[in-house]
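The next block holds one structure in the form of structure tokens; read it before the comments.
The values are calculated or read from the model by the stated rules, or taken from the named source; none is laboratory data. If you're wondering where the values come from, they're calculated on a predicted model, not measured in any experiment. When we count neighbours, we look across all protein chains shown, and the Cβ atoms used for this are built from the backbone with ideal geometry, even at glycine.
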Amino acid sequence: MATRQSVEDLIQQCEDAIRNAQDQYKESSKQEHYNDDDYDKALQALEDSYNDLARLAHSANAQQRDQLHRMRLQLQQLQNHMILLDHED
């Protein structure tokens, strides 16, 4: 079973990844190509966090799984926005 601390730590990691990705998204919206490396790193951090959530969910109880699932949806939504951002403008 996943410990409460492991779930809290992972949720914090996800929130940090989301904050960073949101910042990169805003910057990319303004600057087009200038920070592609940071943008790619932010996207990778979202993906890594998403995968970590999926792994931890296997050992979580029902309440923890629900919490992890909601976080996964947030990560996925932001990933989709970032992927769809048109850098060609």
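If residue 2 satisfies every condition in (1) at pLDDT below 95; (2) aliphatic (A, V, I, L, M); (3) under 17 Å from the mean Cα position of the chain (by Cα) but one, which is the exception?
Every listed condition holds for residue 2 apart from (3).
Taking the residues in segment 48-89 that are closer than 14 Å to residue 17 by Cα and among the hydrophobic types (A, V, I, L, M, F, W, C) as candidates, determine which candidate is nearest to the chain's Cα centre (by Cα).
Per the stated criteria, the residue is 75.
Residue 46: within 14 Å of residue 6 (Cα to Cα) and in contact (Cβ under 8 Å) with a residue 12 or more places away in the chain, yes or no?
Criteria not met by residue 46.
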